[in-house]
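Since the structure comes first, as structure tokens, the remarks are kept for the end.
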Amino acid sequence: LMLLRAMRPDRLMNSLASFVTNTMGKDYISQKPFSMSSAFEETNKRTPMFFVLFAGVDPTPWVEGLGKEKGISTENRRFVNISMGQGQEAPAEAVVKQFAQEGGWVMLQNCHLMSSWVPKLERLLEVVSEGAHEDFRCFISAEPPPMASMINMPESLMQSCIKVANEAPSDVQSNLIRAWDNFSPDIFESCNKPGQMKACLFSL
């Protein structure tokens, strides 16, 4: 690798990928498509889920889609999505307290804009989770700080959350894998010509 760095820097990235794959495994190079249902299984009423926001990534459809599968939506008033900003502290606290008692999902987005209020949210989650309903879930999203030395979320809150950092694909292969993952095996099985359908999807 040192020789490649000196003589052929254009081949270094591919060589590094091969080196990491051979020594540590393919999982460190090829990112598997994100599964919201698998991540949700690790949560409980005491463990919130924290989404790290990146450009081109919106976790709202993931949460809403999973909620509909489990019978939790805005239509039945068991799911509330709040975009945090000035004046949203009291409504957010009220929803957290309500759903902790009755059961429901609350999603608090863009919490990096309310960094001074987040410690209060952390304490509130600690209090309500003690006797919370089994169906209570809290989802939090925030952008990472602009510099690594900066902190916009309490460390203790981050340690208590299931953290999801699902960046947008940066290469063609990752884009193809993520796009292909949108089609479940049931879709192909329900088709009369699964072979032709797969070929068409691959061409698209």
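The values are calculated or read from the model by the stated rules, or taken from the named source; none is laboratory data. Owing to the predicted nature of the structure, the values given are computational and were not obtained by experimental measurement. Backbone-built Cβ (ideal geometry, glycine too); neighbour counts: all protein chains shown. When the accessible area is computed, the model is the full protein with side chains, heavy atoms only, and any ligands, DNA or RNA have been set aside. Shrake-Rupley method; radii C 1.70, N 1.55, O 1.52, S 1.80 Å.
Return yes or no: is Leu12 more than 21 Å from His133 (Cβ to Cβ) and in contact with a Lys or Arg (Cβ under 7 Å, 6 or more places away or on another chain)?
yes
I want to confirm something. Restricting to the range 66-92 and keeping residues that are assigned to a helix (DSSP H, G or I) and open to solvent by less than 30 Å² (accessible area, probe 1.4 Å), which single residue is nearest to His112 (Cα to Cα)?
Filtering first and then ranking leaves Ala92.
Restricting attention to the range 86-137, report how many residues are basic (Lys, Arg) and under 20 Å from the mean Cα position of the chain (by Cα).
The number of residues fulfilling the criteria is 1.
For Met158, are the conditions met, namely being assigned to a helix (DSSP H, G or I), touching a residue at least 24 places away in the same chain (Cβ under 8 Å) and within 19 Å of the chain's Cα centre (by Cα)?
Judged against the criteria, Met158 is a match.
Would you please name the residue that is most open to solvent (accessible area, probe 1.4 Å), looking only at residues in the range 31-60 that are in contact with a helix residue (DSSP H, G or I) (Cβ under 9 Å, 6 or more places away or on another chain) and in a helix (DSSP H, G or I)?
By that ranking, first place goes to Ser37.
Taking Glu69, is it among the acidic types (Asp, Glu) and more than 20 Å from Met153 (Cα to Cα)?
So Glu69 passes the test.
Tell me yes or no: at least one residue of the range 83-94 is in contact with a helix residue (DSSP H, G or I) (Cβ under 7 Å, 6 or more places away or on another chain) and in contact (Cβ under 8 Å) with a residue 40 or more places away in the chain.
There is no residue in the range 83-94 that is in contact with a helix residue (DSSP H, G or I) (Cβ under 7 Å, 6 or more places away or on another chain) and in contact (Cβ under 8 Å) with a residue 40 or more places away in the chain.
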